[in-house]
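Derivation of every value follows stated rules applied to the coordinates shown; laboratory data play no part. Nothing here was measured: the structure is a model prediction, and the numbers come from that model. No Cβ is skipped: glycine too gets one built from the backbone with ideal geometry, and neighbour counts run over all protein chains shown.
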Amino acid sequence: MTFEYAPAPESRAIVDIKSKYGHFIDGKFLPGKKHFPTINPATEEVLSQISLGGASDVDKAVAAAQKAYTKTWSKLSGKERGKYLYRIARILQERAREFAVLETLDNGKPIRETRDIDIPLVAAHFFYHAGWADKLDYAGLGKSPAPHGVAGQIIPWNFPLLMLAWKVAPALATGNTVVLKPAETTSLTALLFAEVCQQAELPDGVVNIVTGDGSTGAAIVNHPGIHKIAFTGSTDVGKKIARAIAGTNKKATLELGGKGANIVFDDAPIDETVEGIVNGIFFNQGHVCCAGSRLILQESIADELIEKLKIRMSKIRIGDPLDKNTDLGAINSREQLSKIQELATAGDAEGAERWSPACTLSAKGFWFAPTIFTGVTQAHRIAREEIFGPVLSVLTFRTPQEAIEKANNTPFGLSAGVWSEKGSRILWATQQLRAGVIWANTFNKFDPASPFGGYKESGWGREGGKHGLAAYLKEGK
Ligand code: ADP
């Protein structure tokens, strides 16, 4: 006998969403001129109006960041900077539920993930980097490492507040000031973070947030007062940024797309592996640059594993992201849903076999059922292009060498996973894989101490850990 889950909705009463937002510049909210709506992708309800930042807003933000850098932030000791980061981390923990609910409303991801993964990791990033602020001179980061000055930071919509933390925490710990632009569909938690900066009494201008679209991002990238750029987003925009800064002195880290291979050998523990595959591709609706979106299965166990995977997928609960029992939430935007639909249709047309569990999708909002494609070949678009949705492409192999060749046959190189009971096989495989992050017998595990980044078209540089700090520093005098 199975029991039905009763609805367990998280209350949204804890959040106070204003009808309209401006930009956060020099410690104050300044009204914007033009606005665009931000919606709840699960219901299409308009949540608020967000300002579309133009060149003059970016100018003001860069001037405020430069003033704060020269007059205040670069004069503080690492120990003093660290105190502000600790304070921000503690406030984020105190207001964790408010941030989790707001992120779920604006992004569509389940509350279970914002509450248990996104927001705790956000606080962890600030705590971790707070601890570094006064140790930079003794960490092998060069002689008297010095900040660059004003960092321009552009982030995507898949982990809105977490990407902000990945960018802001190391920049502040190393003594830089920032101008950050959230993604157009998910600005609300960044704007709430601005309130946290006020609450922590962070000196004015150290963090500035300008909202807007790609043109606002381009204005930041091209601004002569920006010394370092940190970008996470698509490979296409990453290439544009690389072109825009070529020949300038601007430093950049680019964290771009991926098409992660998840390799399963015949001796892998099958039930744990099925859990890892589900976590690898269906976590965060598959809106994850390091998702395990290509499952590369040893042929001898393929049938058994796929059968178990289908049984497990039938248990995935899809629906109201604010319900605490929901596993798979809404797709972030209509535009992203169309991209997923287009690639899935290409998978059908190219001859792969599509399967999804029976599930009811709401007519309102943006939804896509968890999906696997079997019989995928390396030539198929769904094996080569990033889908950025809950869609898994399954390929098979006979020899370990073939698995590695298939895994590395991609323009990307962000993540990979290896499942095997044998340590020697894991070590052998991980040494052959061309990916920046490789998990063994697990997937999608993140820690602020661990550097993250890719090879090839997945980007430049590393974020997190000591390597991530180095990107915000130059050799001092
Ligand atoms: P995605 O495909 O994940 O939406 P994008 O690369 O389009 O990724 O967006 C990531 C971030 O880059 C967003 O904040 C977006 O507004 C910004 N962006 C888009 N175009 C540009 C551009 N030409 N220059 C700088 N930033 C941009």
**Report entry** Tensor-based shape of region 1-83 (alpha-carbon gyration tensor, a/c under 1.5 rounded, otherwise prolate or oblate)
**Finding:** oblate
Query raised in the report: Given H placed on each backbone N at 1.01 Å, which residues far from Tyr472 in sequence or on other chains put an amide H within less than 5 Å of it?
Result: none
Query raised in the report: Applying 1/(1 + (r/R0)^6) with R0 = 35 Å to the Cβ-Cβ distance of Asn222 and Ser362, what FRET efficiency is obtained, to the nearest 0.05?
Result: 0.30
Report summary line: A correct Karplus calculation of ³J(HN,Hα) over region 384-390, with 6.51 cos²θ - 1.76 cosθ + 1.60, θ = phi - 60°, whole Hz and x for Gly and Pro, returns 10, 9, 6, 8, 6, x, x
Report task. Could you tell me which of Leu473, Gly417, Ser51 has its Cα farthest along the dipole of the chain towards the positive end, charges placed at Cβ (Lys, Arg +1; Asp, Glu -1), taken about the Cα centre? Result -> Leu473
Report summary line: Note on region 261-440: contact order normalised by length, alpha-carbon pairs under 8 Å, 6 or more apart, percent, works out to 29 percent
Requested in this report: Read phi for every residue in region 267-275 and hand back ³J(HN,Hα) as whole Hz from Karplus 6.51 cos²θ - 1.76 cosθ + 1.60, θ = phi - 60°, with x for Gly and Pro.
Outcome: 9, 5, x, 5, 5, 5, 5, 4, 4
Requested in this report: Could you tell me whether the chain comes out rounded, prolate or oblate from its Cα gyration tensor? Rule is a ≥ b ≥ c as square roots of the eigenvalues, rounded for a/c under 1.5, then prolate if a/b exceeds b/c, otherwise oblate.
Outcome: prolate
Query raised in the report: If R0 is 51 Å, what FRET efficiency do you get for Arg398 and Ala244 from their C-beta distance, rounded to 0.05?
Result: 0.65
Report task. Provide the percentage of antiparallel DSSP beta bridges, counting only those with both residues in region 1-72; round to the nearest 5. Result -> 90 percent
**Report entry** Residue among Asn222, Ala146, Trp157 farthest towards the positive dipole end of the chain, charges placed on Cβ
**Finding:** Ala146
Query raised in the report: So for the pair Phe446, Ser314, with labels modelled 7 Å out along Cα→Cβ, what separation do we get in nm?
Result: 3.3 nm
Query - Estimated dipole of region 261-440 in Debye, rounded to 20 [Cβ of Lys and Arg +1, of Asp and Glu -1, Cα centre] - result: 380 debye
Report summary line: Pseudo-spin-label distance Lys339 to Ala13, built 7 Å along Cα→Cβ, given in nm, is 3.9 nm
Query raised in the report: Distance in nm between label sites at Glu353 and Glu405, each 7 Å beyond Cα in the beta-carbon direction?
Result: 2.5 nm
Query raised in the report: Roughly how big is region 352-477's charge dipole about its Cα centre, with Cβ charges of +1 (Lys, Arg) and -1 (Asp, Glu), in debye to the nearest 20?
Result: 180 debye
Report summary line: Of 163-171, 294-302, ordering from highest average Cβ density within 10 Å down gives 163-171, 294-302
Query raised in the report: Where in region 258-291 does the amide nitrogen come within less than 15 Å of the point 7 Å from the Cα of Asp116, taken along Cα to Cβ?
Result: 275-276, 278-280, 282-285
Query raised in the report: When the helix-only estimate is applied to the chain (DSSP H runs of n ≥ 4, each -39,500 (n - 2.57), divided by the residue count), what is the mean residue ellipticity at 222 nm, nearest 500 deg cm²/dmol?
Result: -11500 deg cm²/dmol
Query raised in the report: What shape does region 261-440 have by the C-alpha gyration tensor, where a ≥ b ≥ c are the square roots of the eigenvalues, rounded means a/c under 1.5, and otherwise prolate means a/b greater than b/c and oblate the rest?
Result: prolate
Query raised in the report: Where in region 102-139 is the amide nitrogen less than 18 Å from a point lying 7 Å along the Cα-to-Cβ axis of Gln93?
Result: 115-133
Query raised in the report: Zone of Asp236 (label point 7 Å along Cα→Cβ, backbone N under 14 Å): which residues in region 329-370?
Result: 335-340, 342-343
Query raised in the report: Where does each of 34-40, 208-214, 150-156 land if you order them by average Cβ count within 10 Å, highest first?
Result: 150-156, 208-214, 34-40
Query raised in the report: Hey, how many Å between the Cα centroid of region 25-78 and the Cα centroid of region 278-309?
Result: 39 Å
Requested in this report: Any chance you could run the full-extension gain for Lys456 through Glu275? It's 0.36 nm times the residue separation minus the Cα-Cα distance, nm to one decimal.
Outcome: 62.3 nm
Requested in this report: With only Lys, Arg, Asp and Glu charged, each at its Cβ (+1 for the first two, -1 for the last two), find how big the charge dipole of the chain is about the Cα centre; round to the nearest 20 debye.
Outcome: 1920 debye
Query - region 98-164: trypsin sites (Lys or Arg not before Pro) falling in loop per DSSP and having at most 10 other Cβ within 10 Å - result: Lys143
Report task. Determine the gain in length on full extension of the stretch Gln378-Gln49; use 0.36 nm per residue of separation and subtract their C-alpha separation, reporting nm with one decimal. Result -> 114.1 nm
Query raised in the report: From the residues Ala363, Val394, Asn279, which one has its Cα farthest along the dipole of region 261-440 in the positive direction, the dipole being from +1 and -1 charges on Cβ of Lys/Arg and Asp/Glu about the Cα centre?
Result: Ala363
Report task. Using a 10 Å cut-off on Cβ atoms, rank the peptides 260-266, 454-460 from the highest mean neighbour count down. Result -> 260-266, 454-460
